[in-house]
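*Asks:* Structure below; questions to follow.
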């Protein structure tokens, strides 16, 4: 499978995984191209909603978003209702206005850890952005600029610890090249490469 349209057709044909929704995760290292790929896939799906985990994470809890995702998005989906989550403002250090997430046929959730153990049971499909941690993090740091360099140093440690304890890559249904966006193959059972 190499075409985005083929992937969109495959995802649409899957059985719902939470209520009426086929929840699809796009996971990978920070800077690996998750947001760009999720936006392209959402467009190929006719405008599928995308939940950005950066909107649910906080400075204090970069991976502490699982409860918020469950309570504000997944539980409503399970009831056949739209979700609505409050978006974290990274400048003001607080949650702001809620954003509605329709219980659409396919909903994408993208971010580091989107395929974590606590979320996998309700995923219809898990995509892994295939780009090594060093290259991805360098790309993210270049994107965000030197003013966020100290944040990135802390983030890299937190990400490394997260994936050491709860790797997503070995559970991915498909890998996506983090440079080209080309769809590759399943990584089921493959070990996560060392960072």
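The values are calculated or read from the model by the stated rules, or taken from the named source; none is laboratory data. Just so it is clear, the model here is predicted, and its values are computed rather than measured. For neighbour counting, all protein chains shown are included, and Cβ atoms are generated from backbone atoms with ideal geometry for every residue, glycine included.
*Asks:* Take the range 75-85 and flag every residue that is farther than 24 Å from residue 29 by Cβ and in contact with a helix residue (DSSP H, G or I) (Cβ under 7 Å, 6 or more places away or on another chain).
*Replies:* Within the range 75-85, 82, 83, 84 meet the criteria.
*Asks:* While we're here: Taking residue 114 as the residue in question, decide whether it is within 16 Å of residue 38 (Cα to Cα), over 16 Å from the mean Cα position of the chain (by Cα) and modelled with pLDDT of 95 or more.
*Replies:* no
*Asks:* Only one of 69, 131 is within 29 Å of residue 185 (Cβ to Cβ), crowded, with 19+ Cβ neighbours inside 10 Å and at pLDDT 95 or above; which?
*Replies:* Going through 69, 131 in turn, just one is within 29 Å of residue 185 (Cβ to Cβ), crowded, with 19+ Cβ neighbours inside 10 Å and at pLDDT 95 or above: 69.
*Asks:* In the range 135-152, which residue that is more than 16 Å from residue 110 (Cα to Cα) and touching a helix residue (DSSP H, G or I) at 6+ places or on another chain (Cβ under 9 Å) is modelled with the highest pLDDT?
*Replies:* For the range 135-152, the residue satisfying everything is 137.
*Asks:* Looking at the range 42-50, is at least one residue within 11 Å of residue 110 (Cα to Cα), in contact with a strand residue (DSSP E or B) (Cβ under 9 Å, 6 or more places away or on another chain) and part of a strand (DSSP E or B)?
*Replies:* Looking through the range 42-50, at least one residue is within 11 Å of residue 110 (Cα to Cα), in contact with a strand residue (DSSP E or B) (Cβ under 9 Å, 6 or more places away or on another chain) and part of a strand (DSSP E or B).
*Asks:* Any residue at all in the range 92-113 that's buried (at least 20 other Cβ atoms within 10 Å of the Cβ), touching a residue at least 60 places away in the same chain (Cβ under 8 Å), in contact with a helix residue (DSSP H, G or I) (Cβ under 9 Å, 6 or more places away or on another chain) and at positive phi?
*Replies:* Yes, the range 92-113 has at least one match.
*Asks:* List the helices (runs of 4 or more DSSP H) that sit entirely inside the range 71-186 and contain at least 2 residues that are within 17 Å of residue 20 (Cα to Cα).
*Replies:* It comes to 75-78.
*Asks:* Could you run through the range 26-41 and say how many residues are assigned to a loop (DSSP other than H, G, I, E, B) and at negative phi?
*Replies:* 3
*Asks:* Give the residue that is nearest to residue 129 (Cα to Cα), with candidates limited to residues of the range 72-93 that are out of contact with any strand residue (DSSP E or B) (no Cβ under 7 Å at 6 or more places or on another chain) and at pLDDT below 95.
*Replies:* 90
*Asks:* Yes or no: the range 37-47 includes at least one residue that is free of Cβ contacts under 8 Å to residues at least 60 places away in the same chain and in contact with a helix residue (DSSP H, G or I) (Cβ under 7 Å, 6 or more places away or on another chain).
*Replies:* The answer is yes; a qualifying residue exists.
*Asks:* For the range 40-67, how many residues are more than 13 Å from the chain's Cα centre (by Cα) and over 19 Å from residue 93 (Cα atoms)?
*Replies:* Residues in the range 40-67 being more than 13 Å from the chain's Cα centre (by Cα) and over 19 Å from residue 93 (Cα atoms): 7 in total.
*Asks:* Inspect the range 8-29 for any residue being in contact with a helix residue (DSSP H, G or I) (Cβ under 6 Å, 6 or more places away or on another chain), surrounded by fewer than 21 Cβ atoms within 10 Å (Cβ to Cβ), within 24 Å of residue 140 (Cα to Cα) and modelled with pLDDT of 95 or more and give the result as yes or no.
*Replies:* No, the range 8-29 contains no residue that is in contact with a helix residue (DSSP H, G or I) (Cβ under 6 Å, 6 or more places away or on another chain), surrounded by fewer than 21 Cβ atoms within 10 Å (Cβ to Cβ), within 24 Å of residue 140 (Cα to Cα) and modelled with pLDDT of 95 or more.
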